[in-house]
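The values are calculated or read from the model by the stated rules, or taken from the named source; none is laboratory data. Quick caveat: nothing in here was measured; it's all calculated off a predicted structure. Here the Cβ positions follow ideal geometry from the backbone for every residue, glycine too, while neighbour counts run over all protein chains shown.
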């Protein structure tokens, strides 16, 4: 399909395109100032890294007074003393390029056809979840690179894979399970494996998990917590950030079907891939790994479409057009979302909250939590990690009650009990995310009761203070 | 096709359309459901755009739907009044279904008489007849389109010239209604059956299915993105209040199906299915079988409305009937009695009409499903005697009718998609009529910004409500009462609930 000369030019081009795709949102955000990050998660990690640097406390979130997982990534950044500006703007992009290189090396080693490899790379660099992971500060990018690196060591039959597997078990149990599933199925499939390496890795990892579980404060199962599954969280077109495009998901399944059809021995790998994909619907941290397998199968599928002899030739062109359009739309829509993630109206309102007392709590939509915590330095009632704690379901019920109550007495009681002093409402909450109309639910009480004073208002945000008389 | 068959087909079409028009014109008005469509058609006629931003529904909201059917009606709306538009055009669309069914049946049975009977069956499926007669239902348009796609899919396997038409009709189907997703699922089941039943695989079929799957996936997400991200997987239940979900997506029973689909399509359809499975296999019949299985499973899982599922199942079974009828007709030909074939057809037609007789009794139900003249007068009174931006409370089913006649905001209607906290709103607004205390009623009315409450004739008869219990001469006075028994009453909300109390 591609001749050798084209292949030589295509590969550097793909890497440069990948670099540009990752750099564009990063540069746009860099020019806007330090309070403008590209994702909600970045605000959380930067705050925790800052806390670690300032106080050395690694197992408790001092602002919210809740336990947190010990994270080697934070420790590494602290140890290397890397400034925040590099952590935010450079490090993710560099890790993205490393990930691309490791991915390309691995698929070649796994025996994927060269044309399919090129398509896989294109699918990967244009995948919104790839852009998200390698333009924002998050721990999954680090886990993924460690995982890919350990695969490389395994393929090279290096004994270094034994301590490395232990390290992965130390980092995240979900990645540890994936690592073993993949190397075991690869060994079974290839019939050329070093038993010592596999047993050594397994024993080391189990020891690490055991030590983690009983000797250290932090629980390795913490990183394994299950997310509430919703269709909109796994599809990029429905607003998910760590999500997949629906067309690439379809190509993934068609790719699997093509492999089955070609040779039944691929059944095991295909089933494992589907299993990991389904697991990632519930374990969000796995999705960045899953996009790699989706890219591989999509690449195989597109290669098949192009090389297959079609009875109706124009159908092939239309199908390829749909695929190209969906890839371009998904990545452009996501980049637009990322660069517009935070407007100055939001930042101004969060800065306003700095005037609050330290023991007071802000109530808003949970997705605003990390930003309020980082910029205002204040507690929020809920945030995106609250679901990992036992109090989550109680808090979620209270949240629902607060959003839709029309009983002033009940509202006052809940606010006092939870020390909520400020209610922050943004335009997304007003336009369907929480309410449909300007007087829906609690908005009716906020605008008609003397117990609330509007203390901040701009185009995007309104903040009410509960005066509680 | 023989000339006689063509004449018979035209006669069947005319008969079905004639019966439908007779029924629909026996009813004085159009059903509550039609008014939402009529408001969109009127908007297209006025501004060229449907009501994506509806200032009157739920006090003002955004709507997401495919407007193709509304545009189709609007084209005819320039020459027909709203009343005639709802009565005539959807009935013509749905009557065309019998022609399409004839050609599908003919395609695989190769028997013109059996196919004519199939076409006749389809015209009188009770569930289809009752739900598309006087309500401008979108299924009047989607059903023929769906089966046109099925027909073109079958034909394009034989003749490449049909392919362009297939692609065009597929695109229109996908753009018209989410039922296109069910067709995609049906095609996947069909491919599985083709593989497992040992048919010779057509090389074109997987390509067409692949194209359709890709397109449906892409287009569905594009069209319904906002609704999907708001409701997720629950979009299937259209954000209906819980009390309505049970009624709409309830369980199917054998007796219910028998009554809804009709005895003949069910018996002959199932025997056609049996024949395809165990005696003479046909790819076209397998496609129909796959669609039937898909609809049945989706209905069983509560993912498709029972009524909608039964309408589609009824048509599919009618088509499959041709497969069984063909054998019965050819068996009868072997008898020496000269008129045996005609006697069979006569018996079938008598049985068909016998199973259709209950529809005559349902005529009375249809008459209850339209707003009364008194209620319409009340809405017109509101239009002439209230400020333009007033909000009026009526029952959910009356919301669109009220907005259509009075041009005032409703607080609730039957388009629940994208409305937050719908269960609470639905129960609040339904129970406000029965509130015994003024303060409780005022709390709800103030909260939903209601300015006027109309206790319609329909509301009084349906829930046996004679009066608005919380009526108060100062805060909730009766400002207009029409003459007659159960006549509509209009109340004005003069006071606001003080939240500090």
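What to note about this one:
- Condition check for residue B:173: assigned to a helix (DSSP H, G or I) and within 10 Å of another protein chain (Cβ to nearest Cβ): no
- For region B:452-495, taking the residues that are over 19 Å from residue B:378 (Cα atoms) and surrounded by 14 or more Cβ atoms within 10 Å (Cβ to Cβ), the one that is modelled with the highest pLDDT is identified as B:494.
- Of the residues making up region A:151-176, those that are within 17 Å of residue A:279 (Cβ to Cβ) and either without any contact (Cβ under 8 Å) to a residue 40 or more places away in the chain or in a loop (DSSP other than H, G, I, E, B) (or both) are A:168, A:172, A:176.
- Of all residues making up region A:368-419, the number that are part of a loop (DSSP other than H, G, I, E, B), over 28 Å from residue A:347 (Cβ atoms) and either in contact with a helix residue (DSSP H, G or I) (Cβ under 6 Å, 6 or more places away or on another chain) or within 14 Å of chain B (Cβ to nearest Cβ) (or both): 3
- In region A:35-69, the residues that are surrounded by 13 or more Cβ atoms within 10 Å (Cβ to Cβ) and part of a loop (DSSP other than H, G, I, E, B): A:35, A:36, A:37, A:38, A:39, A:58, A:62, A:63, A:64, A:68, A:69
- In region A:456-469, of all residues being touching a residue at least 40 places away in the same chain (Cβ under 8 Å) and surrounded by 16 or more Cβ atoms within 10 Å (Cβ to Cβ), the one that is farthest from the other protein chains (Cβ to nearest Cβ) corresponds to A:456.
- Screening region A:427-454 for residues that are more than 25 Å from residue B:55 (Cα to Cα) and surrounded by 15 or more Cβ atoms within 10 Å (Cβ to Cβ) and picking the one that is farthest from the other protein chains (Cβ to nearest Cβ) gives A:452.
- Exactly one residue out of B:7, B:12, B:37, B:27 is at pLDDT 90 or above and under 20 Å from the mean Cα position of the chain (by Cα): that is B:37.
- When A:100, A:63 are checked against the criterion of being in the same structural domain as residue A:145 (by TED's automatic domain parsing) and either farther than 26 Å from residue A:167 by Cβ or touching a strand residue (DSSP E or B) at 6+ places or on another chain (Cβ under 8 Å) (or both), a single residue qualifies: A:63.
- On the stretch given as region B:59-88, residues that are touching a strand residue (DSSP E or B) at 6+ places or on another chain (Cβ under 7 Å) and part of a helix (DSSP H, G or I) total 1.
For (1) under 21 Å from residue A:81 (Cβ atoms); (2) out of contact with any strand residue (DSSP E or B) (no Cβ under 8 Å at 6 or more places or on another chain); (3) at pLDDT below 90, each residue gets a yes or a no:
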residue	(1), (2), (3)
A:19	no, yes, no
A:28	no, yes, yes
A:33	no, yes, yes
A:36	no, yes, yes
A:41	no, yes, yes
A:51	yes, no, no
A:56	yes, yes, yes
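- At least 1 residues being more than 14 Å from every other protein chain (Cβ to nearest Cβ) and under 20 Å from the mean Cα position of the chain (by Cα) is the threshold, and among the helices (runs of 4 or more DSSP H) wholly inside region A:238-338 those reaching it are A:267-282, A:287-307.
- With respect to the conditions (1) within 11 Å of chain A (Cβ to nearest Cβ); (2) under 24 Å from residue B:313 (Cβ atoms); (3) touching a residue at least 24 places away in the same chain (Cβ under 8 Å), residue B:233 lacks only one, and its number is (3).
- Selection over region B:406-450 of residues that are surrounded by fewer than 19 Cβ atoms within 10 Å (Cβ to Cβ), away from chain A (no Cβ under 13 Å), within 33 Å of the chain's Cα centre (by Cα) and touching a residue at least 24 places away in the same chain (Cβ under 8 Å) gives a count of 4.
- Apart from one condition, residue A:111 fits all of (1) out of contact with any helix residue (DSSP H, G or I) (no Cβ under 9 Å at 6 or more places or on another chain); (2) under 26 Å from residue A:41 (Cα atoms); the exception is (2).
- Taken together, the residues in region B:451-501 that are away from chain A (no Cβ under 14 Å), within 35 Å of the chain's Cα centre (by Cα), within 30 Å of residue A:411 (Cβ to Cβ) and in contact (Cβ under 8 Å) with a residue 40 or more places away in the chain amount to 2.
- Checklist (1) part of a helix (DSSP H, G or I); (2) within 25 Å of residue B:131 (Cβ to Cβ); (3) within 14 Å of chain A (Cβ to nearest Cβ) applied to residue B:239, failing item: (1)
- Residue in region B:311-320 that is surrounded by fewer than 18 Cβ atoms within 10 Å (Cβ to Cβ) and either modelled with pLDDT of 80 or more or more than 14 Å from chain A (Cβ to nearest Cβ) (or both) present: no
- The residues listed here are B:224, B:259; of these, the one that is more than 14 Å from chain A (Cβ to nearest Cβ) and either surrounded by 15 or more Cβ atoms within 10 Å (Cβ to Cβ) or in a helix (DSSP H, G or I) (or both) is B:259.
- Complete set of residues in region B:179-198 that are away from chain A (no Cβ under 14 Å) and either under 30 Å from residue B:67 (Cβ atoms) or in contact with a helix residue (DSSP H, G or I) (Cβ under 7 Å, 6 or more places away or on another chain) (or both): B:179, B:180, B:182, B:183, B:186, B:189, B:190, B:193, B:194, B:197
- Residue in region A:429-448 that is in the same structural domain as residue A:351 (by TED's automatic domain parsing), in contact with a helix residue (DSSP H, G or I) (Cβ under 9 Å, 6 or more places away or on another chain), under 11 Å from residue A:408 (Cβ atoms) and in a strand (DSSP E or B) present: no
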